[in-house]
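The values are calculated or read from the model by the stated rules, or taken from the named source; none is laboratory data. This structure is a prediction, so every number in the text was calculated from the model and none was measured. Quick reminder, even Gly has a Cβ in these numbers, built from the backbone with ideal geometry, and neighbours come from all protein chains shown. Areas reflect the complete protein model, heavy atoms only, side chains present, ligands, DNA and RNA absent. Shrake-Rupley method; radii C 1.70, N 1.55, O 1.52, S 1.80 Å.
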Amino acid sequence: FMKKLFITGGSGLIGSILNNHLKKEYEIVNLDINNTSKSSSTIVGDMNNYNDVLSSSQGAFATIHLGAVVSVDSDWDLVLKNNIESTRNVYESARINKIKKVIFASSNHAVGMFENDNPYKEIVAGNYEKIDHNNIPLIDHNVPIRPDSYYGISKAYGESMGRFYFEEYGIESINLRIGTVQKVDTPTNSIRHFATWLAHKDIAQIVEKSLETKLEFEIFYGVSNNKWRFWDIKNAYNKIGYEPVENAENYRK
């Protein structure tokens, strides 16, 4: 008897990675606007429609909420519908359906304005000369929210929704501030990616361990073990034993 796992946006890039990785352990049900999954069952529906989320998540022990508009430049109307309303639908459905855990695809853009400050500004530009990579002041789960866009605001909002549903209803709420996941699994599209890259096997690991571990309200940074990373992964290591295996440096030409 496999536990049922509910995923929104399962046909996207991260959704496809997770479907492939988790299908051996869990019975996966995806909610998506189109049915492209080869490996799992997909209910065609709309995460922005509360009743679609409520009915398709019934019987699940956990929800992974990936569905969203993902462009940082998305305008307010798109973000409101696809990121803000959908996240409330997911948490309220979890409450009604007695789902114990929600893993929310948050984003590094919830704290993206840190990249206007040194040394992060220099790192994302590739100006490494004056920086000792062993002494980068890491951005951790306790820093203030500093969203860099309406998209970033929607992710910070999702985290606060999770905080409320954990404290009020006891739903485990794991917020993954995800770095840069690429279709071609390398960090070579921009200099910034040598700091922010998250390899496919590392996103799979952090999600799998978040599913397997009893947690409370958590913020974890989803980033590989990159030489120039500036997000702190200690919280994820301490709580779930997350140890990323990839390092962007290995792909630098």
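Values computed for the structure shown
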{"item": "Among the residues listed as LYS23, LYS98, LYS81, LYS4, the single one being of a type in the set (Lys, Arg) and on the phi > 0 side of the Ramachandran plot", "result": "LYS98"}
{"item": "Residue pairs meeting the criteria (Cβ under 7 Å; at least 6 apart or on separate chains; first more than 13 Å from ASN247 (Cα to Cα), in the stretch 203-230; second acidic (Asp, Glu) and assigned to a loop (DSSP other than H, G, I, E, B))", "result": "TYR221/ASP232"}
{"item": "Test: residue in the stretch 163-178 that is outside any loop (DSSP other than H, G, I, E, B), touching a strand residue (DSSP E or B) at 6+ places or on another chain (Cβ under 6 Å) and open to solvent by 40 Å² or more (accessible area, probe 1.4 Å)", "result": "yes"}
{"item": "Residue match in the stretch 21-29 (condition: assigned to a loop (DSSP other than H, G, I, E, B), open to solvent by 70 Å² or more (accessible area, probe 1.4 Å) and touching a strand residue (DSSP E or B) at 6+ places or on another chain (Cβ under 7 Å))", "result": "no"}
{"item": "Test: THR188 is at negative phi and touching a His at 6+ places or on another chain (Cβ under 7 Å)", "result": "no"}
{"item": "Residue in the stretch 37-51 that is within 19 Å of ILE174 (Cβ to Cβ), within 19 Å of the chain's Cα centre (by Cα) and part of a strand (DSSP E or B) present", "result": "no"}
{"item": "Number of the condition not met by LYS227 [criteria: (1) touching a strand residue (DSSP E or B) at 6+ places or on another chain (Cβ under 7 Å); (2) among the charged types (D, E, K, R); (3) within 20 Å of ILE136 (Cβ to Cβ)]", "result": "(1)"}
{"item": "Residue satisfying condition, being small (Gly, Ala, Ser), open to solvent by 30 Å² or more (accessible area, probe 1.4 Å), touching a residue at least 24 places away in the same chain (Cβ under 8 Å) and outside any strand (DSSP E or B), within set GLY15, GLY10, GLY67, GLY59", "result": "GLY59"}
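Listed here are the residues, each with its yes/no results for (1) at pLDDT 95 or above; (2) loosely packed, with under 14 Cβ neighbours inside 10 Å; (3) outside any loop (DSSP other than H, G, I, E, B); (4) aliphatic (A, V, I, L, M).
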| position | (1), (2), (3), (4) |
| --- | --- |
| ILE99 | yes, no, no, yes |
| ALA105 | yes, no, yes, yes |
| ALA110 | yes, no, yes, yes |
| PHE114 | yes, no, yes, no |
| ILE123 | yes, no, yes, yes |
| ILE131 | yes, no, no, yes |
| HIS141 | yes, no, no, no |
